[in-house]
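Worksheet: one structure, shown below.
The values are calculated or read from the model by the stated rules, or taken from the named source; none is laboratory data. Here the structure is a predicted model, which is why all the values come from computation and not from measurement. Positions of Cβ are generated from backbone atoms using ideal geometry, with glycine treated the same way; all protein chains shown enter the neighbour counts. For the accessible areas, the whole protein counts, side chains as well, though only heavy atoms, and no ligand, DNA or RNA atoms are used. Shrake-Rupley method; radii C 1.70, N 1.55, O 1.52, S 1.80 Å.
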Amino acid sequence: MKRSRLAVAAPVAVVSIIALAGCAGGGGSGASSDSKELTVWVMGDSSAHFDELVAPFAEKSGITVDTVAIPWDAVDQKFTTAVASGNGPDIIQIGVSKLRTFAESGALLTLDESALADYPNLASDNFLDGVAGDATAVAGDVVSVPWVSDTRVLYSRTDVLAENGITEPPATWEALRTDAMTLAGRGDGQYGYYIPQWDSSLPVIMTWDQGGQIVTDSGEIDFDTPEFEAAVDLYTGFYADGSVPTNADFDQTQGFTSGATPMLVSGPYLANAIEAAAPELDGKWTVSPIPSGTDNTSLLAGSNLGVWGSTDNKDGALSLLDFLSEPETQLTWYGIDSQLPTVKAALEDASLTADPLVAVYAEQLKDSALLPLVPNWDGETGKALLDALNSIVLTGTDTKTALQTLFDATSGTSID
Amino acid sequence: MKARSAPYLFIAPTMILLLAFGVLPILIALFVSFTDMNLAGLGNWSVIEFIGLDNYTKLFADPDFWQALTNTGIFAIIGVPCVVIISLVIALLLNRSGNWFFKALRTFYFVPAITAIVAISLVWGYLYNTQFGLFNYILSLVGLPPVQWLSDPVMVKVSLVLVAVWRGTGLNVIIFLAALQGVPKEYLEAASLDGASEFRKAVSVVIPLLRFAIFFVTITTIIAWLQFFDEPFVLTKGGPLGESTSVSLFLYQTGFSASQFGYASAGSVILFAIIAAITLIQLRTRRSDDDY
């Protein structure tokens, strides 16, 4: 270890000496120019949009914002490298499912009430309750502020449904199952519904809608409940009925626009994809709230923003966050990047609610919940859940056996 | 003195690179494999704890790791003979003539080896697609039902091996072609005088003389297949249900997606040991080829 520390330390030392020399050479401007720059890592490919969004901020404050787009697939790697090298951005976008992992790395600045006192827009009661303040605190520490929200709603092809005598999108999961069977009866290669085999939130939504929870009051993950069992019956029932395609490479946008899968549950981004891929379908599809069982809770997803702990421009970073949390900024962002706000005032703004699609999202957002903030949802708990369900429906594993494997794999997982 | 240090001077750059990027990482991985290093530990080294062999015991009890090992074994068992035999046959055929057509073919076979894996996976992903893929369309033309190329637990292995064989053949063809240049003309002329057919010459003269090239290609191909990663990573992400997860992909997922660096390091040490053992066995069992 000593040796490897030395090996790392030596080049680091050399680099810092060079950097220091550079600063000294530049005269007194070195220190002050630092605080006039902010590096922001945004996820996905919306960096050009983000530049546009923060242009007014840059103009007013004189701070240059340098936006770096990180592809979703590379997020983990990029973050790991940043933590290892200590060379992170000033502000980073964090998908809420990654929040706990990021928080536990210790790389993010704690954003408690006292740190945010000077920034009124960042007060937690401005934001959707489901993601604000304590709701996304990890081990009692708040390390992020909400940024954009995302929820899941039911998409349906009204034209296809009408041709098959279904006048309205199904309002309950039972009705959805019946309608899906009807639609699957149209022939080979035609289905009624689509289940993304990689989406671990759908079975959780189904459990919520049966009135259940997957986290106990004491914070333990618990799938061994009658409500989860009912959700499993619902989930596997679609496969048993032949209502859903079984191939993993099924393309959901293509399936929806071609009418092969005229109903599916997805987020607002699907609406953009449909509008882009098949503008001729305008008016032939609609979104409606997630089907209900005893409840109709949907998934609350989206992204938060965090400040890198070792930033040398904490005030600048916080004032940028403050700017981004202004209702007008959030509405502008929806306008240019179609990402839903997290600020309540923005979600209630008339310009948003006038759009019937957005009205449905905004309504659903009020009844939606986060996936449990366990240490590694994507890689462990969620994966175990999907593996169990997929093994039942794809390889015919006995339900009891598959569920027992799931209980064993997730026992002892806790959100604390 | 000067003459004696010359060879060391020549090999020094390579040795330094090899030590820095080959040996040192292995030593570090060995060290990390005895710790519980994760993302938090990476940011703050003081929280890293020594946990001895815990990672290894956990790894041996992990069904996902065993599945990945089994998959890798299956990939290698199907893939290695395919690559070696196909590239040898192609090289023998390409070597029969030196006209422009065969020269163009050499390029043709080498193209997959230099094309970016992402481009390859996009194209193959579309070919394999169950809904609108070319393969299923061709099957439908002759009245066959669609095949779930990347979704069926058995088929997915075959599909990935097919892409990797297609991709891995080109480089080995070039190696074999180079080796074929070294086959002495006199031997072939002598065989012709004895009335041997073309096929007989290939089997009894050329292939035995290619023994070293075949050995080299086999060893490098086995090592490559034990580190099989690109194709499942981009085409299936290891699915369905881990049926196409190779050991390398498993290590990537536990290391970079789940940030369990200690655990992933333990796995990489085991993979290293397996590859080293297989290579050593091959080196040992090789007969010395002094019959040139």
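Once you have the Kirkwood Rh of chain B from its Cα pairs, apply Stokes-Einstein at 25 °C and 0.890 mPa s and quote D in µm²/s. Mind showing how you got there, number by number?
On the way: Rh = 22.3 Å.
This corresponds to a translational diffusion coefficient of 110 µm²/s.
What accessible area, summed over both chains, is buried at the A-B interface (1.4 Å probe, Å², nearest 100)?
2200 Å²
Using the alpha carbon gyration tensor of the protein assembly as shown, what are the three equivalent-ellipsoid semi-axes (square root of 5 times each eigenvalue), largest first, in whole Å?
Details: eigenvalues 475, 272, 124 Å².
They are 49, 37, 25 Å, listed largest first.
Please pull out the direction-averaged projected area of segment A:140-243, using the convex hull of its alpha-carbon atoms, in nm² to one decimal place.
9.1 nm²
Roughly what % of DSSP beta bridges within the protein assembly as shown run antiparallel, to the nearest 5?
Looking only at bridges with both residues in the protein assembly as shown, the antiparallel portion is about 70 percent.
Using the eigenvalues of the Cα gyration tensor, what equivalent ellipsoid semi-axes result for segment B:1-85 when each is taken as the square root of five times the eigenvalue, whole Å, largest first?
Taking √(5λ) for each Cα gyration eigenvalue gives 35, 28, 10 Å.
Using the structure shown, list the pairs from A:Lys60/A:Lys344; A:Lys78/B:Lys157; B:Lys58/B:Lys237; A:Lys383/B:Lys157; A:Lys60/A:Lys98; B:Lys103/B:Lys185 with a Cα-Cα distance above 27 Å, or answer none.
Working: A:Lys60/A:Lys344 25 Å; A:Lys78/B:Lys157 30 Å; B:Lys58/B:Lys237 23 Å; A:Lys383/B:Lys157 21 Å; A:Lys60/A:Lys98 33 Å; B:Lys103/B:Lys185 20 Å.
Correct reply: A:Lys78/B:Lys157; A:Lys60/A:Lys98.
Considering amide H positions built from the backbone, and no H for Pro or chain starts, which residues 5 or more places from A:Ser144, or on another chain, come under 5 Å of its amide H?
When sequence neighbours closer than 5 places are left aside, the close amide H contacts are A:Leu111.
Using a 1.4 Å probe on the protein heavy atoms, what percent of the accessible area of segment B:105-195 belongs to carbon and sulfur? Mind showing how you got there, number by number?
Details: 3580 of 4980 Å².
The nonpolar share, carbon plus sulfur, comes to 72 percent.
Considering every residue in A:251-261, what mean count of other chain Cβ atoms within 10 Å of its Cβ is obtained? Spell out each step's value before the answer.
Numbers: counts 4, 0, 0, 3, 1, 0, 0, 2, 0, 1, 0.
The shielding value for this peptide is 1.
Apply the a/c threshold of 1.5 to the C-alpha gyration tensor of segment A:78-180 and tell me whether it is rounded, prolate or oblate.
It is prolate, given that a/c is not under 1.5 and a/b is the larger ratio.
Quick check on segment A:297-390: take the gyration tensor over C-alpha atoms, sort the square-rooted eigenvalues as a ≥ b ≥ c, and tell me if it's rounded (a/c under 1.5), prolate or oblate.
Oblate is the answer for segment A:297-390, as a/c is 1.5 or above yet b/c matches or exceeds a/b.
Using only the Cα atoms, what convex hull volume per residue in Å³ does segment A:227-351 have?
Dividing the Cα hull volume of segment A:227-351 by its residue count gives 197 Å³.
Viscosity 0.890 mPa s, temperature 25 °C: give me the Stokes-Einstein translational D for segment B:51-196 in µm²/s, with Rh taken as the Kirkwood radius over C-alpha pairs.
Values: Rh = 18.8 Å.
For the chosen part, D equals 130 µm²/s.
Is any helix in chain B, taking whole DSSP H runs, at least 30 angstrom long along its axis by alpha carbon and on average at least -0.5 on the Kyte-Doolittle scale, and which ones?
Details: long enough: B:63-94 (45 Å, 1.83); B:155-181 (39 Å, 1.66); B:261-285 (36 Å, 1.58).
The answer, listed by residue number, is B:63-94, B:155-181, B:261-285.
Per q in 0.23 Å⁻¹, report the Debye log10 I(q)/I(0) for segment B:46-106, using one uniform scatterer on each alpha carbon and no solvent.
Scattering profile of segment B:46-106, log10 relative to I(0): -0.93.
Can you give the Rg to Rh ratio for segment A:206-276, taking only C-alpha atoms and Rh from Kirkwood?
So for segment A:206-276, dividing Rg by the Kirkwood Rh gives 1.09.
Averaged across orientations, what area in nm² does the convex hull of the alpha carbons in segment A:262-326 project?
Working: hull surface 31.9 nm².
Taking a quarter of the hull surface, the average projection is 8.0 nm².
Specify the residue with the greatest mean-square fluctuation among A:Asp249, A:Asp224, A:Asp337, computed from a Gaussian network of chain A linking alpha-carbon atoms under 10 Å apart.
The residue with the greatest mean-square fluctuation here is A:Asp249.
In terms of the Cα gyration tensor, with a ≥ b ≥ c the square roots of its eigenvalues, is segment B:104-151 rounded because a/c is under 1.5, prolate because a/b exceeds b/c, or oblate?
Note, shape of segment B:104-151 comes out oblate.
Can you give me the long-range amide H partners of A:Ser414? Hydrogens built in the peptide plane at 1.01 Å from N, cutoff under 5 Å, separation of 5 or more residues or another chain.
Under 5 Å from the amide H of A:Ser414: A:Ile221.
Taking the 0 to 90 degree range and rounding to the nearest ten, how far is the long axis of helix A:356-366 tilted relative to the main principal axis of chain A, both from C-alpha atoms?
For A:356-366 against chain A, the angle is about 80 degrees.
Amide H to amide H under 5 Å from A:Leu300: which residues, 5+ apart in sequence or cross-chain, H placed 1.01 Å off N in plane?
Placed amide hydrogens put A:Ala369, A:Leu370, A:Leu371 under 5 Å from A:Leu300.
Enter the per residue convex hull volume of segment B:18-133, computed from alpha-carbon coordinates, in Å³ rounded to the nearest integer. Before the final figure, lay out the partial values.
Working: hull volume 26.3 nm³, N = 116.
Once divided by residue count, the hull of segment B:18-133 is 227 Å³.
So for chain A, what are the equivalent ellipsoid semi-axes in whole Å, largest first, each being the square root of 5 times an eigenvalue of the Cα gyration tensor?
Largest first, chain A gives 42, 26, 19 Å.
So which aspartates and glutamates pass the test for B:Lys201, namely a Cα distance under 14 Å, with those fewer than 8 places away in the same chain ruled out?
Within reach: B:Glu186, B:Glu189.
How big is the charge dipole of the protein assembly as shown about its Cα centre, in debye rounded to the nearest 20, if each Lys and Arg gets +1 on its Cβ and each Asp and Glu gets -1 on its Cβ?
4540 debye
If one takes the longest principal axis of the Cα atoms in chain A, at what angle in degrees, from 0 to 90 and to the nearest 10, does the Cα axis of helix A:268-277 lie?
It is inclined by approximately 80 degrees.
Calculate the all-directions average of the projected area of segment B:149-292's alpha-carbon convex hull, and give it in nm².
11.2 nm²
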